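Notes follow once the structure below has been shown.
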Amino acid sequence: MSGKLQTVRGTRDLLPEDNLVFRFVEESAYQKAKLYGYGEIETPIFEFSDVFHRTLGETSDVVSKETYDFTDRGGESLTLRPEGTAGVARSFISEGMSQLLPLKFYYSGPMFRYERPQKGRYRQFFQLGAECLGYDTPLADVECIAMAWDLLKQIGISAECVLEINTLGDAESRAAYRDALVAYFKSHESELSADSKTRLEKNPLRILDSKDEGDKKLNANAPKFETYLNENSKNFFKKVLAGIEKLGIPYKLNPLLVRGLDYYCHTVFEFTTSKLGAQGTVLAGGRYDGLVETMGGPKTPAVGWAAGIDRLADLTPKELAVSKEVLIAIIGADEAGDEESVKLAHEIRSRGLKAENFLSGKMGKKMQKANNKGAHYALILGGNEVTNNTVTVKNFQSGEQTTVSRSEIATFDFKI
C-alpha cells in the first residue's frame with residue numbers, strides 16, 4: 001500500500017463532534033416515530049439486485065448510474081442498498097406480514113450510491129425514513145407529512161425548509177398524461193438530452209425532473225399534469241392539501257415535482273432548503289400504492305418518506321445537540337487519590353450520571369482539562385480525602401468548593 005491512508009472518495013469519518021449532531025437527529029426522528037406509532041425495522045445492507053433494479057426503475061439515475069452492484073461467490077447479483085423503501089417492501093412480502101396491515105415502519109442506517117460527491121451528498125450516506133402500509137386514504141398522506149414537519153421543527157430547521165408538493169394521480173390519469181408527454185417530447189426529440197431520450201421510451205415523466213438546462217426549457221412548455229387528472233385524483237389531492245392546511249403546515253405547489261423513483265402515485269412531496277447549495281432536498285417522499293404488487297406481493301397501498309441524515313445534520317443548530325446531562329470530573333490529586341478515583345467514578349456512573357476520570361498529569365492540568373471539556377463538577381480525591389473518607393466537591397459553574405463525606409456523594413444533588 002503506497003501513499004497516505006485516507007478515506008475512499010465520497011466517504012468520511014464521523015468524529016465524536018459530528019456524531020453528537022447525528023445522534024440528536026436520529027434520536028429526534030426515533031422519538032417522533034414512536035409518537036406516531038411507527039415500529040423500528042432493520043433490513044440488510046445488501047439485497048438481491050432485483051429488489052432495487054425492478055422497483056426503482058431501470059431508467060432512474062439510481063439504477064442506471066449509481067448502484068453498487070457485485071456478484072458474490074455463489075454467482076448471485078447483489079446490490080448495496082441505495083434507499084430504504086424497497087427493502088422494507090421486500091421484508092413485508094418475505095416475512096408474510098400482509099395479514100397484519102396496517103403497518104408502520106421506521107428505519108435508519110447507511111445507504112450507498114455511486115454519485116459525484118458534493119456538499120451534503122456522499123457515496124456512503126445515512127438515511128432515516130418512515131413507511132406506512134395499508135392505508136389508501138389521503139389522511140394517511142397528511143399524517144405522514146405532519147410527522148416529517150414535526151421532525152424538522154424538533155431539530156430546529158423547519159424555518160429553513162419549504163414543503164413542495166404535487167400529485168402524480170392514479171394509474172388512469174398517469175396513462176393519459178404519459179401519452180400527452182410522449183407526443184410533446186417526440187416533436188422535440190432532437191433537443192432532448194441523451195438521458196431524456198432514453199427516458200422518453202421508458203418513463204417520460206422523469207424528463208420533468210431533468211436537471212439539464214435544455215430539458216428545463218422544453219419542460220416549461222410541456223403539457224400540465226392537472227389537465228389530465230381524473231376526478232378521483234383531483235379529489236384525493238384536494239383532501240391532502242386540505243389536511244395539511246388544517247394542521248397549519250405551509251406548502252408550495254410544484255407541478256414539475258415527480259420524484260426520482262418510478263413507484264410513486266398520487267401525492268409526492270419534498271422539503272427543500274436554499275442553505276445547502278444545489279442539493280436542496282432534505283426530506284422527500286410520497287404515495288407508492290403499486291410497489292408491493294410490482295414485487296410480487298398483494299396489492300398494498302402505502303405512503304412514506306426518507307431524509308438524508310447528513311443534510312439534516314448540516315442544517316441542525318449545533319447547540320441543540322449539546323448534551324444537557326451533568327458531567328462530573330473525577331480528579332485524583334495524588335497517587336492515593338488516583339487509585340481511589342476509579343472506584344468513585346464507578347459509583348457515580350452507577351447512579352446514571354456521566355463521569356469522566358482524568359488519570360494522567362498533575363492536578364492543575366487535570367482541572368484545566370475537565371473545565372475545557374465542559375465538566376459541571378469536579379470530585380477531588382487526595383491522600384487526606386482517602387484517609388478521612390471524604391470528597392472535595394468543586395462546582396465549576398459557581399466556583400464554590402466544599403468537602404463532604406463519602407457517603408453523602410451517593411445522594412448529592414448535582415444540579416446544572
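The values are calculated or read from the model by the stated rules, or taken from the named source; none is laboratory data. Since the structure is predicted, the reported quantities are computational estimates derived from the model, not experimental observations. Cβ sites come from the backbone with ideal geometry, for glycine too, and all protein chains shown count toward neighbours.
Which one is nearest to Ala284 (Cα to Cα) among residues in segment 64-93 that are free of Cβ contacts under 8 Å to residues at least 24 places away in the same chain and assigned to a strand (DSSP E or B)?
Asp69
Would you tally the residues in segment 94-153 being part of a loop (DSSP other than H, G, I, E, B), of a type in the set (D, E, K, R) and modelled with pLDDT of 95 or more?
Matching residues across segment 94-153 total 2.
Could you tell me whether any residue of segment 179-199 is loosely packed, with under 15 Cβ neighbours inside 10 Å and under 29 Å from Glu131 (Cβ atoms)?
no
Answer yes or no as to whether Gln124 is surrounded by fewer than 20 Cβ atoms within 10 Å (Cβ to Cβ) and touching a strand residue (DSSP E or B) at 6+ places or on another chain (Cβ under 6 Å).
Here the answer is yes, as Gln124 does meet what is asked.
Counting only residues that are under 26 Å from Pro16 (Cα atoms), crowded, with 19+ Cβ neighbours inside 10 Å and free of Cβ contacts under 8 Å to residues at least 24 places away in the same chain, how many does segment 364-406 have?
0
Can you name every one of the helices (runs of 4 or more DSSP H) wholly within segment 325-402 that holds 1 or more residues which are among the β-branched types (Val, Ile, Thr) and either touching a Ser or Thr at 6+ places or on another chain (Cβ under 6 Å) or at pLDDT below 95 (or both)?
Here the list reads 335-350, 383-388.
Restricting attention to segment 104-146, report how many residues are within 15 Å of the chain's Cα centre (by Cα) and within 15 Å of Ala29 (Cα to Cα).
Selection size over segment 104-146: 13.
Quick one: how many residues across segment 339-348 are surrounded by 15 or more Cβ atoms within 10 Å (Cβ to Cβ), over 29 Å from Phe24 (Cβ atoms) and either in contact with a Phe, Trp or Tyr (Cβ under 9 Å, 6 or more places away or on another chain) or among the hydrophobic types (A, V, I, L, M, F, W, C) (or both)?
Residues meeting the conditions: 2.
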